[in-house]
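The values are calculated or read from the model by the stated rules, or taken from the named source; none is laboratory data. Everything quoted here is computed from the prediction, not taken from an experiment. Neighbour counts run over all protein chains shown; Cβ positions are idealised from the backbone, glycine included.
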Amino acid sequence: MTLLKLVAGLVLLAAKAASSPVEAAVEVPNWWTKPQFDCPLWKGTLPNGYQDLAGTKCGNAKTKTYTGGFITARLYEIPGAWQKAPRYTEIVKGTGDAIKKGLATFGSLANPGPLAINIGIAWGGIGELIKVDDNNSGQKSPCYILINFPPEWNDVPLAALQKDIIGRMYQCVEQYHRPTVTTWTEANKWWRRGIARYFDGLSYPAKAGDFLTEGLYPEEYHYGVPLYQNSDAASLFFHFADQLGGWSPADVHSWMKTHPNKAKYDDELASLSADSRITPSLWHRFILASIDGTIKYPSGQKITNTQGGVPSRDQSGTVDLAVGAAYSRSVSISSFKGAINVFTVKAGQTLRLSVETEPGVEWSVRKVGTAAWNSGARTRTVDLVAGGQGTVKYQIALGSTKNGPGGYIAKVGMKRTV
């Protein structure tokens with residue numbers, strides 16, 4: 001279960017007969033008793049799990065309205081004991097700051113609008129820290145978010161809370177544009193959660209203290225599984241596409257609006273392989289940027305991977321050829337992963353390198369210890385001048401967007417010319 005598992009939505013009201021906001025705590029056991037409730041700016045059927053607020057009035061709930069672009073966000077302080085907590089002022093102010101940043105970042109992306117987002121802070125919710133109503137039966141607006149602030153969350157860093165608020169707000173924008181995408185599948189988690197996490201990273205770059213026990217940040221991207229199995233951590237790819245791939249936040253949003261919604265991994269792979277925007281070149285450059293650690297947040301802060309980098313394999317033996325002699329070895333590459341193969345060459349040789357691959361597979365090469373990659377057409381040849389003494393190592397990085405879950409073979413060839 002992730003930190004932000006998306007389930008039913010927003011608690012909006014306090015107990016009926018509350019004499020003061022602080023004492024009017026909402027009681028969890030009664031949330032399933034009535035199907036309807038009445039509150040200004042929010043009328044209708046409560047999302048599953050919060051029906052207990054039905055029939056209550058919200059006259060004693062503090063509210064504040066924020067606007068930006070095509071979005072109106074209303075923050076409700078649902079009366080309860082949480083308002084006596086030491087962090088009460090910090091949480092309320094921090095929530096407001098996050099809402100404003102979210103509106104500034106993607107308020108214009110909810111066009112043509114209007115989109116209403118109702119956000120409630122309560123104490124006594126069930127489960128996750130923040131929940132958003134993502135099963136809205138085709139409804140585009142309003143969207144409901146609940147921030148649950150029980151005592152056990154008192155050690156949650158404010159920035160982590162703020163990141164998640166913005167991420168859930170963006171999921172309301174996604175819901176506005178794609179109201180029929182209401183079911184979570186193994187194939188859509190990576191882009192739905194990953195893009196929401198990307199947008200929260202635009203405003204709040206992650207810091208070490210922000211990491212919680214649930215949910216994944218781009219720093220936790222797993223190179224051992226394909227892009228489309230990385231869930232929240234797939235946000236790393238969108239940060240790359242934005243920063244180094246020529247995309248913008250608007251481009252990421254536009255991609256989200258039209259990407260096919262699939263149920264199974266194999267179908268998602270087929271869809272990605274045919275995607276005209278996630279090209280073999282773009283994917284391969286993501287692999288190179290991942291190897292070099294050059295992906296950053298907009299603030300300039302590097303996104304440092306905490307789960308290990310792109311898998312690297314040292315090929316056995318040393319390439320030591322007579323002039324005119326040739327060497328070849330087959331290496332494997334899986335779609336939407338990435339791989340590094342390291343070859344050891346005896347110094348004093350000049351070798352003409354070629355890598356035979358199929359369309360959809362890209363490769364680059366560099367001498368270990370140098371920064372620049374040699375990249376280009378997959379059918380090119382590259383002269384490797386192994387000067388000096390002893391041996392020289394070369395890295396060959398590969399990336400594939402081919403359809404099919406199995407591995408593909410690339411044939412690495414070297415012929416000594418000098």
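Looking at (1) surrounded by fewer than 17 Cβ atoms within 10 Å (Cβ to Cβ); (2) under 14 Å from Gln395 (Cα atoms); (3) not polar (S, T, N, Q), which is the only condition Pro359 fails?
(2)
Output the residues belonging to region 344-356 that are surrounded by 21 or more Cβ atoms within 10 Å (Cβ to Cβ) and either among the basic types (Lys, Arg) or under 34 Å from the mean Cα position of the chain (by Cα) (or both).
Val355
Tell me which residues, restricted to region 348-379, are assigned to a loop (DSSP other than H, G, I, E, B) and farther than 23 Å from Ser273 by Cα. Before the answer, list the steps.
Taking region 348-379 first, the residues assigned to a loop (DSSP other than H, G, I, E, B) are 348, 357-360, 368-373, 376-379.
Those that are assigned to a loop (DSSP other than H, G, I, E, B) and farther than 23 Å from Ser273 by Cα: Gly348, Val368, Gly369, Thr370, Ala371, Ala372, Trp373.
Yes/no per residue for (1) aromatic (Phe, Trp, Tyr); (2) within 17 Å of the chain's Cα centre (by Cα); (3) closer than 26 Å to Ala386 by Cβ; (4) surrounded by 13 or more Cβ atoms within 10 Å (Cβ to Cβ):
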{"position": "Trp283", "(1), (2), (3), (4)": "yes, yes, no, yes"}
{"position": "Lys296", "(1), (2), (3), (4)": "no, yes, no, yes"}
{"position": "Gly300", "(1), (2), (3), (4)": "no, no, no, no"}
{"position": "Gly308", "(1), (2), (3), (4)": "no, no, no, no"}
{"position": "Pro311", "(1), (2), (3), (4)": "no, no, yes, yes"}
{"position": "Gly317", "(1), (2), (3), (4)": "no, no, yes, no"}
{"position": "Val323", "(1), (2), (3), (4)": "no, no, yes, no"}
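Looking for something under 24 Å from Gly369 (Cα atoms) and part of a helix (DSSP H, G or I) - is there at least one such residue anywhere in region 332-347?
no
Considering (1) outside the structural domain of Pro260 (by TED's automatic domain parsing); (2) outside any helix (DSSP H, G or I), say which one His222 fails and leave the rest.
Of everything listed in (1) outside the structural domain of Pro260 (by TED's automatic domain parsing); (2) outside any helix (DSSP H, G or I), His222 misses just condition (1).
Being outside any helix (DSSP H, G or I) and of a type in the set (A, V, I, L, M) is the filter; apply it to region 252-281 and report the residue that is surrounded by the most Cβ atoms within 10 Å (Cβ to Cβ). Explain how you work it out, then say what you get.
Here is the first cut: in region 252-281, the residues outside any helix (DSSP H, G or I) are 259-264, 274-279.
Now narrow it down to the ones that are of a type in the set (A, V, I, L, M): 263, 274, 278.
Values: Ala263: 13, Ala274: 11, Ile278: 21.
So the residue we want is Ile278.
Please specify each residue of region 374-394 satisfying the condition of being surrounded by fewer than 19 Cβ atoms within 10 Å (Cβ to Cβ) and either within 21 Å of Ser290 (Cα to Cα) or of a type in the set (D, E, K, R) (or both).
Once the filter is applied, which keeps residues that are surrounded by fewer than 19 Cβ atoms within 10 Å (Cβ to Cβ) and either within 21 Å of Ser290 (Cα to Cα) or of a type in the set (D, E, K, R) (or both), region 374-394 yields Asn374, Ser375, Gly376, Ala377, Arg380, Asp383, Lys393.
Go through region 165-201 and give me each residue that's of a type in the set (A, V, I, L, M), closer than 18 Å to Tyr228 by Cβ and modelled with pLDDT of 95 or more. Break it down into steps so the answer makes sense when it comes.
Step one: filter region 165-201 for residues of a type in the set (A, V, I, L, M), giving 165-166, 169, 173, 181, 187, 195-196.
Keeping just the survivors that are closer than 18 Å to Tyr228 by Cβ gives 181, 187, 195-196.
Scanning region 165-201 gives Ala187, Ile195, Ala196.
Residue by residue, here is whether (1) within 26 Å of the chain's Cα centre (by Cα); (2) at pLDDT 95 or above; (3) in a helix (DSSP H, G or I) holds:
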| site | (1), (2), (3) |
| --- | --- |
| Gln83 | no, no, yes |
| Ile91 | yes, no, yes |
| Gly96 | yes, yes, yes |
| Lys101 | yes, yes, yes |
| Ala104 | yes, yes, yes |
| Leu109 | yes, yes, yes |
| Ile117 | yes, no, no |
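Among Tyr327, Tyr408, which is surrounded by fewer than 20 Cβ atoms within 10 Å (Cβ to Cβ), under 29 Å from the mean Cα position of the chain (by Cα), part of a strand (DSSP E or B) and of a type in the set (Phe, Trp, Tyr)? First the steps, then the outcome.
Values: Tyr327 fails: under 29 Å from the mean Cα position of the chain (by Cα).
From the options Tyr327, Tyr408, the qualifying one is Tyr408.
Looking at Trp153, Trp123, which is the one that is closer than 28 Å to Tyr297 by Cα, modelled with pLDDT under 80 and not assigned by TED's automatic domain parsing to the domain that holds Ala270?
Numbers: Trp123 fails: closer than 28 Å to Tyr297 by Cα.
The unique qualifying residue is Trp153.
For Ala206, which of the numbered conditions (1) modelled with pLDDT of 95 or more; (2) not in a helix (DSSP H, G or I) fails to hold?
(1)
Out of Lys337, Lys346, I need the residue that is within 23 Å of Thr391 (Cα to Cα) and charged (D, E, K, R). Which one? Quick ask: steps written out before the conclusion?
On the way: Lys337 fails: within 23 Å of Thr391 (Cα to Cα).
None of the other options fit; the residue is Lys346.
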